[in-house]
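Some notes on the structure that comes next.
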Amino acid sequence: MLKGLRVVSTWPELSKKLQKTSLGRTVNGLRHHQDANVAQVARELVNCWREECRKQRKEEKDSNMKKNIW
């Protein structure tokens with residue numbers, strides 16, 4: 001399970017894949033797993049995804065602002 005979580009963490013375009021699948025919900029549920037290692041990796045992965053999504057939204061917002069200026 002840990003290996004699978006680590007593989008998922010390297011996928012490109014995570015936000016699109018998370019929106020199309022229920023993977024985000026599954027991993028989010030693993031944050032409370034009884035195995036502390038699984039729970040920790042799941043927490044780290046969710047936090048990473050959140051940060052990546054924030055970056056993508058900021059880049060989209062900045063791009064839209066540049067378009068509106070010109």
Distance (nanometres) between label positions extended 7 Å along Cα→Cβ at Glu51 and Ser63:
2.2
At 1.4 Å probe size, with the rest of the protein present, what percent of the exposed accessible area of the chain is carbon and sulfur atoms?
51
With 0.36 nm assigned to each residue of separation and the Cα-Cα distance removed, Glu44 to Met1 gains 14.0 nm
Within-14-Å neighbourhood charge of Leu2 [Cβ basis; K, R +1; D, E -1]:
+2
Over all viewing directions the Cα convex hull of the chain casts an average projected area in nm² of 5.0
Rounded to the nearest 20 debye, what is the charge dipole size of the chain about its Cα centre when +1 sits on each Lys and Arg Cβ and -1 on each Asp and Glu Cβ?
220
Selection from Val8, Thr21, Gln34, by position along the positive dipole direction of the chain (Cβ)
Thr21
Could you give the length gained on full extension between Leu23 and Asn37, defined as 0.36 nm per residue of separation minus the Cα-Cα distance, in nm?
3.2 nm
Relative to the longest principal axis of the C-alpha atoms of the chain, give the angle of the C-alpha long axis of helix 36-69, reported between 0 and 90° and rounded to the nearest 10°.
10
Solvent-accessible surface (1.4 angstrom probe) belonging to Glu44, in square angstrom, nearest 10:
100
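The values are calculated or read from the model by the stated rules, or taken from the named source; none is laboratory data. In this text the structure is predicted, and so the values were computed from the model without any measurement. Note that each Cβ is placed from the backbone with ideal geometry, even for glycine, and that neighbours are counted across all protein chains shown. To get the accessible areas, we keep the full protein, side chains included, count just its heavy atoms, and leave off ligands, DNA and RNA. Shrake-Rupley method; radii C 1.70, N 1.55, O 1.52, S 1.80 Å.
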